[in-house]
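The values are calculated or read from the model by the stated rules, or taken from the named source; none is laboratory data. The structure displayed is predicted, hence computed values, not measured ones. For neighbour counting, all protein chains shown are included, and Cβ atoms are generated from backbone atoms with ideal geometry for every residue, glycine included.
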């Protein structure tokens, strides 16, 4: 069996290194009661690599801007992560480009 990655065995604060993925689509009701419309939404899953804790955020669509909004909410709640691992979906790649542009300023 191979060795575990460094981020999995190093003692760090929770969500210092995390993975991100989307689940869905799921139907979300905007209001309670009969006759309300359901809209399609997605779930952003942030998984801590050290403790396997899960943070769940609701996301409206699969765009780069909605992912950055979910990342800002996550960072405000749990602290800014140092390492984020993803499956290189188009929204994650677009977000990386935007964050790199901001970092260069």
> Of the residues that sit in region 15-54 and are more than 16 Å from residue 73 (Cβ to Cβ) and in contact with a helix residue (DSSP H, G or I) (Cβ under 7 Å, 6 or more places away or on another chain), which one is surrounded by the most Cβ atoms within 10 Å (Cβ to Cβ)?
Replying inline: 49
> Is region 14-34 home to any residue that is without any contact (Cβ under 8 Å) to a residue 12 or more places away in the chain and in contact with a strand residue (DSSP E or B) (Cβ under 9 Å, 6 or more places away or on another chain)?
Replying inline: yes
> What number of residues within region 49-77 are in contact with a strand residue (DSSP E or B) (Cβ under 7 Å, 6 or more places away or on another chain) and closer than 18 Å to residue 8 by Cα?
Replying inline: 4
> Just for strands (runs of 3 or more DSSP E) wholly inside the chain: which have at least 1 residues that are modelled with pLDDT under 90 and under 18 Å from the mean Cα position of the chain (by Cα)?
Replying inline: 17-29, 83-85
